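The values are calculated or read from the model by the stated rules, or taken from the named source; none is laboratory data. None of these values were measured; they are calculated from a predicted model. Ideal geometry is used to build each Cβ from the backbone, glycine not excepted, and the neighbour counts take in all protein chains shown. Please note that ligands, DNA and RNA were not included when accessible areas were found on the heavy atoms of the full protein model with its side chains. Shrake-Rupley method; radii C 1.70, N 1.55, O 1.52, S 1.80 Å.
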Amino acid sequence: MKYLHILLSITLLLFSSCKEFGISDTIPGHGVKILKTPEGYRLYRNGEEYRMKGASGITNLELLHRTGGNSITAYEQFISNQFLDSANQYDLTVAIILDVTKPMHGANYTDHAFIEKQRERIYLFVNEYKDHPAVLFWIIGNELHLGQRFNW
């Protein structure tokens, strides 16, 4: 439960960042929201609580659907309209991990030019896929802490 709270906090941070880009905290046409309830944060889709039951990866979508799964997590580099259409065909939603450069791979989060270049790349990617019905939400980076101390 602790990790769900962290994931939801990161997602809320992303929604705040999206507002900066003029993107709403509800994905247009998707009805996805994160709401704070007396029991904690909850994910809603089309007005109903949405509990993710899924896996990570880009294969075996039909098997995941057949076995009761409803969602997958996939990295940005594997996302295409064809992939999202396949997920949608099996009633699967996709949480997309946006590729954020890690400090161990040369990211310098004190360099404003680097930050702006990365921000623009992410904005263009999100803008390209944001309206696809299979998109559930975006995850900013993954395991950014590995291999090096932060310089921010």
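Let's see how each residue does on (1) among the hydrophobic types (A, V, I, L, M, F, W, C); (2) at pLDDT below 90; (3) open to solvent by 30 Å² or more (accessible area, probe 1.4 Å):
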residue	(1), (2), (3)
S16	no, yes, yes
K19	no, yes, yes
G22	no, yes, yes
G29	no, yes, yes
V32	yes, yes, no
E62	no, no, yes
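The single condition among (1) open to solvent by less than 70 Å² (accessible area, probe 1.4 Å); (2) over 21 Å from N142 (Cα atoms); (3) out of contact with any His (no Cβ under 8 Å at 6 or more places or on another chain) that Q82 does not satisfy is (1). Sub-7 Å Cβ pairs linking a first residue in region 78-102 that is more than 14 Å from D131 (Cα to Cα) and of a type in the set (D, E, K, R) to a second residue that is modelled with pLDDT of 95 or more and assigned to a loop (DSSP other than H, G, I, E, B), at least 6 apart or interchain, are D91/N70, ordered by first then second residue.
Given the criteria closer than 22 Å to Y44 by Cα and out of contact with any strand residue (DSSP E or B) (no Cβ under 6 Å at 6 or more places or on another chain), does P103 qualify?
Criteria not met by P103.
Summed over region 80-116, residues that are of a type outside the set (A, V, I, L, M) and outside any helix (DSSP H, G or I) total 12. Residues that are in a loop (DSSP other than H, G, I, E, B) and touching a strand residue (DSSP E or B) at 6+ places or on another chain (Cβ under 7 Å) were ranked within region 41-60; the one that is surrounded by the fewest Cβ atoms within 10 Å (Cβ to Cβ) is K53.
The residue that is nearest to the chain's Cα centre (by Cα), counting only those in region 66-79 that are of a type outside the set (V, I, T) and surrounded by fewer than 17 Cβ atoms within 10 Å (Cβ to Cβ), is Y75. Exactly one residue out of A134, A113 is surrounded by fewer than 16 Cβ atoms within 10 Å (Cβ to Cβ) and at pLDDT 90 or above: that is A113. Considering only region 92-110, state which residues are hydroxyl-bearing (S, T, Y) and open to solvent by less than 60 Å² (accessible area, probe 1.4 Å). Answer for region 92-110, where residues must be hydroxyl-bearing (S, T, Y) and open to solvent by less than 60 Å² (accessible area, probe 1.4 Å): T93, T101, Y109.
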